[in-house]
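Presented below is the structure to which this report refers.
What follows draws every value from the coordinates through simple rules; no lab data is involved. Being a predicted model, the structure only gives us computed values, none of them experimental. All Cβ positions, glycine included, derive from the backbone under ideal geometry; neighbour counts span all protein chains shown.
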Amino acid sequence: MSPFDPAWAANPAPEGGEFSDAVWAAALLAIDPIGLGGMTIRAWSGPARENYLQNYRSLLRVKSAFRKMPLHISDQQMLGGLDLTATLATGRPVMTSGLLDDCDGGVLLLAMAERINPGTAARLAAAMDRHAVISEQNSTTMVNPARFAVVALDEGLEPDEAPPACLLERLAFTVAQSGLSGDAVWPDAAVVAQARENLVVVTSSNEALGQLCSLAAALGIGSLRAPLFALRAARAAAALQGRDSVAACDIALATRLILAPRATQLPSAPADEMPAEQPEESPESLTPRDEQPEAVEDSISDAQKSLLPPELLAALAVGAGPKRASRGAGNTGDSASLRRGRPAGTKSGGLGGGARLSLIETLRAAAPWQKLRRTAAPGRKLQIRANDFRIQKFKEQTKSVAIFAVDASGSAAVNRLAEAKGAVQLLLADCYVRRDLVALLAFRGRTAECLLPPTSALARAKRSLACLPGGGPTPLAIGLDAARGMAEAERRKGHQPLLVLLTDGGANIGRDGKPGRAAAAQDALAAARLCRMARLQCLVIDTAPRPQPFVANLAAEMAARYVPLPYADPSHLSRIVQSQGDFRASSAA
């Protein structure tokens, strides 16, 4: 006799369309919370989200933990550790549990997950992988079980405002604001509880896993967790619908809920399956957005097509990129400091060089040794040694400064200056969020002029850009020297400069202001070598109609990235500068 309820098996969801995707995600997560990891709810706070969370909580096990984690939780509160008061009172190490220990077997709710500290997210991800929390204090180690699911509340406004990637990687589902319908139909809690008990007897074939892995690869999903999550979701769906094995409809549901939000490309058919000639399509078969002679479905094999929901094909066909960029793509970086900045933990060390003593952590380090030390030297209640000292660490935020050194000479200067103006304006639009600075320096004739000191003021930048002149010979060496001087001055202020040189390489004025192409070229190369010796991060944009070997050689002497950009547009140039800044910030970290 089947262990499933025959009435529910006969009609779990009439015509297969009663439950919305958001309800399916909540129900499947309630059936297998640990195996599926959790879900991200990208929605603002309001009645719709609260109603959804309340309905989801009603599907969980009775008396299962449902804890909310504060945004700025400390490691001691989250992971547990040494109880300083009890340790000093008893003379032996006394360990306490943290929030993750208390959440064992339940659900952890992350408020404002898009703002969570990357370090906190990494420790949370490690606990999810180990299913345990490991706390260490000197020679004392405590391991507590911590098996929980995570519900991350993402309230980000922009596409790049998202929880850390290491956390999103471990959450199976994503629920959007549009899916939080107040009149959605939910399954009965007793039915979900029965499916949770019957999940252990649901089987799946190797072919099902192979299909999911193949489809994940075809959709451009590099993570191995995605097909494993999809298989677990398919088994939970089978259990919810009263089946003892995974069916094709379960795989299709798991594909829509888990693989579709992670897809980055349309799958393509193998070369041997593509027809030699494509038949002509009627005008009625063309979509309004992509009027091509073949439909999107024709680019995949029949086996893959049978697993792909129509919604996924439609989303990918119109270029709706479902994969969002992770948060933290800005250029503003953090540098370690012992004097100022935001607190970033402690470390052992002396008190020289202006370091600040962390009294609590010092006492915490000394507490386990008090009984032994009082035995060796009685009469002193509290004994602190030099190796117990813990000094406070800080992270000092540093701003990035993009210095545009623009070749404003020659008859084609109007085009190049228009490109620079567009790029600077696009970058300034992000400065209010990214907290970067932008400077503009133009060189022409026999001088280099700073038109825009490092600033993030949009109105001032527009006025300076409108007055940017053009024409005359090219003093390339003078322009490089001026840009290097500005970059070194900004670095002395604690900023991280990025020098962006836009030139066609037609140097004809030397450092002494005298004309001559050969001498001007040698002076420019010498100025480029000084930039390399100053260890400046540089980017060279070749604005000539065709890539110039001299400009490439100049970039090599500067140890800079060389970008031939004969047909630059402001958006393209802005993306290149931003990517170079991201690379610099990550390498500095």
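Count charges around residue 129 for me, please; just the other residues with Cβ under 13 Å from its Cβ, Lys/Arg as +1, Asp/Glu as -1. For residues surrounding residue 129, the net value is +4.
May I ask which of 371/393; 347/399; 68/381 have a Cα-Cα span longer than 31 Å here? Cα-Cα > 31 Å for 68/381; rest within. Subtracting the Cα-Cα distance of residue 64 and residue 207 from their residue separation scaled by 0.36 nm leaves 48.0 nm. Once you list every other residue whose beta carbon is under 10 Å from the beta carbon of residue 383, what net charge do they have if Lys and Arg are +1 and Asp and Glu are -1? Here the charged neighbours net out to +4. In order along the stretch 120-129, phi translates into HN-Hα couplings of 5, 5, 5, 5, 5, 5, 5, 5, 5, 5 Hz, rounded to whole numbers, per the Karplus curve 6.51 cos²θ - 1.76 cosθ + 1.60 with θ = phi - 60° and x for Gly and Pro. Annotation: peptides 441-448, 482-489, ranked by per-residue average of other Cβ atoms within 10 Å with the highest first, follow the order 441-448, 482-489. The value given for the stretch 19-188 is a Kirkwood hydrodynamic radius of 16.8 Å, derived from the mean inverse Cα-Cα separation. Measuring nothing but how far apart in sequence close Cα pairs (under 8 Å, 6+ apart) lie, relative to its length, the stretch 19-188 scores a relative contact order of 37 percent. Around the amide H of residue 175, modelled in the peptide plane, lie the amide H atoms of 40, 41, 42, all under 5 Å away and 5 or more residues distant in sequence or on another chain. Here the translational diffusion coefficient of the stretch 506-558 follows from Stokes-Einstein with Rh set to the Kirkwood radius across Cα pairs; for 20 °C and 1.002 mPa s it amounts to 185 µm²/s.
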